[in-house]
Amino acid sequence: MNAPLYTPEILRLAASLSEPRDLDREDGRAALRSPTCGSRMQTIVQLDSDGRVEALSQTVLACAFGQASAALLEQGAIGRKRSEVKDSHDRLAAWLGGSSHEPDWPGIAALAPARSRKSRHGAILLPFRALVAAMEAAEKS
(Lines give C-alpha, C1' and ligand atoms only; values in the text may rest on other atoms or scores of the structure.)
Protein backbone atom coordinates (compact mmCIF):
# COMPACT_ATOMS: atom_id res chain seq x y z
CA MET A 1 0.00 0.00 0.00
CA ASN A 2 1.32 3.45 -0.90
CA ALA A 3 1.99 6.01 1.80
CA PRO A 4 -0.43 8.95 1.75
CA LEU A 5 0.75 11.94 -0.27
CA TYR A 6 -0.80 14.56 1.99
CA THR A 7 0.54 13.67 5.41
CA PRO A 8 -0.79 15.29 8.58
CA GLU A 9 2.44 17.35 8.70
CA ILE A 10 1.87 18.69 5.16
CA LEU A 11 -1.72 19.57 5.95
CA ARG A 12 -0.70 21.23 9.25
CA LEU A 13 1.92 23.32 7.46
CA ALA A 14 -0.50 24.29 4.70
CA ALA A 15 -3.04 25.40 7.30
CA SER A 16 -0.39 27.44 9.13
CA LEU A 17 0.28 29.72 6.15
CA SER A 18 -0.39 33.33 7.10
CA GLU A 19 -2.95 35.42 5.27
CA PRO A 20 -1.56 38.14 2.97
CA ARG A 21 -0.94 41.35 4.90
CA ASP A 22 0.10 44.94 4.40
CA LEU A 23 3.77 45.62 5.05
CA ASP A 24 5.19 48.82 6.50
CA ARG A 25 7.00 49.28 3.19
CA GLU A 26 6.96 47.43 -0.13
CA ASP A 27 10.46 47.13 -1.56
CA GLY A 28 9.80 44.44 -4.15
CA ARG A 29 6.98 42.38 -5.61
CA ALA A 30 6.74 39.34 -7.86
CA ALA A 31 3.81 37.37 -9.26
CA LEU A 32 4.71 33.96 -10.67
CA ARG A 33 2.97 30.86 -12.01
CA SER A 34 4.29 27.33 -12.09
CA PRO A 35 4.20 26.00 -15.66
CA THR A 36 4.03 22.39 -14.45
CA CYS A 37 0.94 22.62 -12.26
CA GLY A 38 -0.58 26.08 -12.67
CA SER A 39 0.00 27.15 -9.08
CA ARG A 40 0.21 30.92 -8.71
CA MET A 41 1.56 33.23 -6.10
CA GLN A 42 2.43 36.80 -5.40
CA THR A 43 5.16 37.75 -2.95
CA ILE A 44 5.77 41.21 -1.54
CA VAL A 45 8.98 41.80 0.38
CA GLN A 46 10.38 44.42 2.71
CA LEU A 47 14.18 44.42 3.03
CA ASP A 48 16.47 45.91 5.63
CA SER A 49 19.41 48.18 4.76
CA ASP A 50 21.63 45.12 4.16
CA GLY A 51 19.20 43.57 1.66
CA ARG A 52 17.93 40.93 4.09
CA VAL A 53 14.27 39.95 4.36
CA GLU A 54 12.64 42.03 7.06
CA ALA A 55 9.02 41.11 6.28
CA LEU A 56 7.06 39.39 3.54
CA SER A 57 3.52 38.78 2.44
CA GLN A 58 2.39 35.95 0.18
CA THR A 59 -0.79 35.28 -1.74
CA VAL A 60 -0.73 31.56 -2.57
CA LEU A 61 -3.05 29.72 -4.94
CA ALA A 62 -1.58 26.22 -4.86
CA CYS A 63 -2.05 22.66 -3.67
CA ALA A 64 -1.28 21.68 -0.08
CA PHE A 65 2.38 21.12 -1.01
CA GLY A 66 2.69 24.63 -2.45
CA GLN A 67 0.99 26.06 0.62
CA ALA A 68 3.21 24.02 2.97
CA SER A 69 6.32 25.15 1.10
CA ALA A 70 5.18 28.78 1.33
CA ALA A 71 4.61 28.35 5.07
CA LEU A 72 8.12 26.93 5.50
CA LEU A 73 9.55 29.77 3.42
CA GLU A 74 7.67 32.30 5.53
CA GLN A 75 8.97 30.73 8.76
CA GLY A 76 12.60 30.72 7.66
CA ALA A 77 13.03 33.75 5.39
CA ILE A 78 13.51 36.58 7.87
CA GLY A 79 17.12 37.73 7.95
CA ARG A 80 18.12 36.01 4.70
CA LYS A 81 19.81 37.63 1.72
CA ARG A 82 18.73 36.94 -1.87
CA SER A 83 21.80 34.74 -2.47
CA GLU A 84 20.82 32.55 0.50
CA VAL A 85 17.25 32.13 -0.71
CA LYS A 86 18.49 31.38 -4.26
CA ASP A 87 20.96 28.81 -2.92
CA SER A 88 18.19 27.19 -0.87
CA HIS A 89 15.97 27.09 -3.97
CA ASP A 90 18.71 25.38 -5.97
CA ARG A 91 19.39 22.83 -3.22
CA LEU A 92 15.67 22.18 -2.82
CA ALA A 93 15.33 21.56 -6.57
CA ALA A 94 18.27 19.13 -6.47
CA TRP A 95 16.86 17.35 -3.41
CA LEU A 96 13.43 17.02 -5.02
CA GLY A 97 15.20 15.64 -8.10
CA GLY A 98 16.94 12.90 -6.15
CA SER A 99 19.99 14.40 -4.43
CA SER A 100 20.61 12.92 -1.00
CA HIS A 101 21.61 16.30 0.42
CA GLU A 102 18.63 17.81 2.19
CA PRO A 103 18.44 21.61 1.82
CA ASP A 104 19.40 23.69 4.83
CA TRP A 105 15.96 25.17 5.50
CA PRO A 106 14.04 24.59 8.74
CA GLY A 107 11.32 21.95 8.41
CA ILE A 108 11.96 21.13 4.75
CA ALA A 109 12.05 17.38 5.47
CA ALA A 110 8.25 17.53 5.83
CA LEU A 111 8.07 17.86 2.02
CA ALA A 112 9.82 14.50 1.47
CA PRO A 113 6.62 12.65 0.41
CA ALA A 114 6.56 14.81 -2.75
CA ARG A 115 10.07 13.86 -3.87
CA SER A 116 8.68 10.97 -5.91
CA ARG A 117 5.84 13.10 -7.30
CA LYS A 118 7.45 15.29 -9.95
CA SER A 119 4.13 16.98 -10.66
CA ARG A 120 4.32 18.62 -7.20
CA HIS A 121 7.86 20.00 -7.56
CA GLY A 122 6.77 23.19 -9.36
CA ALA A 123 4.38 24.14 -6.55
CA ILE A 124 7.03 23.45 -3.91
CA LEU A 125 9.69 25.54 -5.65
CA LEU A 126 7.34 28.42 -6.50
CA PRO A 127 7.50 30.25 -3.13
CA PHE A 128 11.31 30.28 -3.27
CA ARG A 129 11.31 31.45 -6.90
CA ALA A 130 8.81 34.21 -6.06
CA LEU A 131 10.81 35.47 -3.09
CA VAL A 132 14.01 35.57 -5.14
CA ALA A 133 12.18 37.48 -7.90
CA ALA A 134 10.68 39.95 -5.40
CA MET A 135 14.11 40.55 -3.87
CA GLU A 136 15.61 41.08 -7.34
CA ALA A 137 12.85 43.61 -8.08
CA ALA A 138 13.70 45.41 -4.84
CA GLU A 139 17.37 45.57 -5.77
CA LYS A 140 16.51 47.10 -9.17
CA SER A 141 14.35 49.87 -7.73
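The values are calculated or read from the model by the stated rules, or taken from the named source; none is laboratory data. None of these values were measured; they are calculated from a predicted model. Heavy atoms of the whole protein, side chains included, go into the accessibility calculation; ligands, DNA and RNA do not. Shrake-Rupley method; radii C 1.70, N 1.55, O 1.52, S 1.80 Å.
Using only the Cα atoms of the range 50-141, build the gyration tensor, take square roots of its eigenvalues as a ≥ b ≥ c, and label the shape rounded, prolate or oblate: rounded if a/c is under 1.5, else prolate if a/b is larger than b/c, else oblate.
Judged from the Cα gyration tensor, the range 50-141 comes out prolate (a/c at least 1.5, a/b above b/c).
Could you tell me which helices of the chain pass both thresholds, a Cα extent of 24 Å or more along their own axis and a mean Kyte-Doolittle hydropathy of at least 0.5, with helices taken as whole DSSP H runs?
Membrane-span-like by this rule: 121-140.
Hey, can you grab everything whose amide H is under 5 Å from the amide H of residue 47? Only 5+ residues off in sequence or another chain; H modelled, so Pro and N-termini drop out.
Under 5 Å from the amide H of residue 47: 27, 54.
Restricting to DSSP H runs of at least four residues, report the calculated mean residue ellipticity at 222 nm for the chain, -39500 (n - 2.57) per run over all residues, nearest 500 deg cm²/dmol.
After summing the helix terms and dividing by the residues of the chain, the value is -13000 deg cm²/dmol.
Just to check, using Stokes-Einstein with a Kirkwood Rh over alpha carbon pairs, what's the diffusion coefficient of the range 1-91 at 25 °C and 0.890 mPa s in µm²/s?
On the way: Rh = 14.1 Å.
In µm²/s, the coefficient rounds to 174.
Mind jotting down the distance between the C-alpha centroids of the range 37-92 and the range 110-134, whole Å?
The range 110-134 and the range 37-92 have Cα centres separated by 11 Å.
Keeping every protein chain in place, order 37, 63 by accessible area at 1.4 Å, biggest value first, i.e. largest first.
Output order, biggest surface exposure first: 37, 63.
Quick one: ranking 89, 101 by accessible area, 1.4 Å probe, largest first, what do you get? Let's see the in-between values first.
Numbers: 89 30, 101 140 Å².
Final ranking, largest accessible area leading: 101, 89.
What figure, in Å² to the nearest 10, do you get for the accessible area of residue 82 with a 1.4 Å probe and non-protein molecules left out?
Residue 82 exposes around 80 Å² with every protein chain in place.
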